[in-house]
Amino acid sequence: MNLNQLKAFNALMLTGSVSEAARNLHRTQPAVSAQIAGLESSLGMRLFERRGGRLHPVPEAYYLHEECTELLHRMDSIRNNMSGIKVLDRGILRIASMPGPSVAVLPNMITQHLGHYGESRNTLISRSSSAVLELVAAQQFDLGLADFREGAEHESSLLNQTVYSFECVCAVPGKGDLSGKAAISPGDLSGKPFGMLYAEHPTHQSTVAAFAEHRSELNCRFMTQYFIPLLTYVRQGVANAIVDPLTVEAYRLLFGDNDDVLFKRFEPAVRFSVAVVTPAHRPASLLAQSFQKYLHEELLRMGGKVIDTGSTSRE
């Protein structure tokens, strides 16, 4: 029993005529008759009786037709779904991200890119960077976005990664005394209330080093787990902060372009690196490949530069 035999049988059941079935299938009558004969032979039973020059289905043929109709509909559905996957209109994309970009930046990218593909689905979860690496290394997610730290250990044989380095900026209150400056230095911030990430984060350590080098007083009044909350303190005029360009993008998506917070170049440069990671032992779907390419372009647009970490790439 094969698919062509079932299609011929289904057409004959619907039309009651070999000639009509052949016309609907764009085949010859002998070809359709041969398919029906082959089907009966493979099943070891008759499906039709010839009376008065016409074929009449036996009771077993009605049962087979019910099963055949369901199967052919399922085949059509599979064909349509696979066609949809090919044009990215179907499929599931699973992303794990550190908290900051998952608030606004990634949802906006997902909307802009995947939102145009009508029935594609997305899962986006927020986890610590170490948890993101573990989830992607376990081959459970298609893509992860995490802090990159030199010397941080992870199972590199389970991950592909591309690392992007960004130059942080200084966020200052729009009505503060630093609003008119084009660039901010540690000397400008000496003794002023300041907001920073937690002490173990590389940007915290780089900022401390920059203030020490310039013999400026670092008055850390607020400390948070990730960048976006710092901008609330800046908006309220009670602190300044060093933030990365992804956070700048998130702020503009959430609050629009306004003068409540101004973003200034910070000298000396404080750099922030993120890793885009993918599972090494699970081929990427077309949907995942498309989104990763789009994410790459967006990270470059935001000022990211791909850096060589010395690790082996499998991409």
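The values are calculated or read from the model by the stated rules, or taken from the named source; none is laboratory data. Computed from a prediction, not measured in an experiment: that's the story for all the values here. With ideal geometry, Cβ positions are generated from the backbone for all residues, glycine too; neighbour counts draw on all protein chains shown. Just so you know, the surface numbers come from the protein's heavy atoms only, side chains and all, with ligands and any DNA or RNA stripped out. Shrake-Rupley method; radii C 1.70, N 1.55, O 1.52, S 1.80 Å.
Rounded to the nearest 10 degrees, the inclination of helix 286-301 to the longest alpha-carbon principal axis of the chain is 20 degrees. Kirkwood-type hydrodynamic radius, the range 194-315: 16.7 Å, calculated from all non-identical alpha-carbon pairs. Check cross-link reach from residue 181 to the lysines: straight Cα distance under 29 Å, and skip same-chain residues fewer than eight apart. The reachable lysines, counting only those whose Cα sits under 29 Å from residue 181, are 192, 264, 305. Summarising the amide proton neighbourhood of residue 122: residues at separation of 5 or more, or on other chains, whose placed amide H is nearer than 5 Å comprise 93. Taking every alpha-carbon pair under 8 Å whose residues sit at least 6 apart, the range 93-218 reaches a relative contact order of 21 percent.
Phi-derived couplings, Karplus 6.51 cos²θ - 1.76 cosθ + 1.60 at θ = phi - 60°, listed residue by residue for the range 127-136: 9, 5, 4, 5, 5, 4, 4, 5, 5, 6 Hz, with x used for Gly and Pro. Between (i) 22.0; (ii) 20.6; (iii) 24.0, which matches Kirkwood radius over Cα pairs in Å calculated for the structure shown? Structure-derived value, by its label: (iii). Given the options 220, 170, 68, which has the most mean-square fluctuation in a GNM of the chain, springs set between C-alpha atoms less than 10 angstrom apart? Greatest mean-square fluctuation among the candidates belongs to 68.
Enumerate the amide H contacts of residue 174 below 5 Å, restricted to partners 5 or more residues apart or on another chain; note that Pro and chain-start residues carry no placed amide H. Amide H neighbours of residue 174: 261, 262. Label sites at residue 128 and residue 254, each approximated as a point 7 angstrom past Cα along Cα to Cβ, lie 2.2 nm apart. Taking the C-alpha atoms only, the angle from helix 59-86 to the longest principal axis of the chain is near 30 degrees. Share of carbon and sulfur in the accessible area of the range 170-304 stands at 48%, probe radius 1.4 Å.
Within the straight-line cut-off of under 24 Å between alpha carbons, none of the lysines are reachable from residue 7, sequence neighbours fewer than 8 places apart in one chain being disregarded. Net length available on complete extension from residue 46 to residue 74 is 7.5 nm, with 0.36 nm assigned per residue and the Cα-Cα distance removed.
Report, in degrees rounded to the nearest 10, the 0 to 90 angle that the Cα long axis of helix 29-43 makes with the longest principal axis of the chain. So the inclination is approximately 80 degrees.
You can think of it this way: the chain between residue 286 and residue 2 has 99.2 nm of extra reach, that is 0.36 nm per residue less the Cα-Cα gap.
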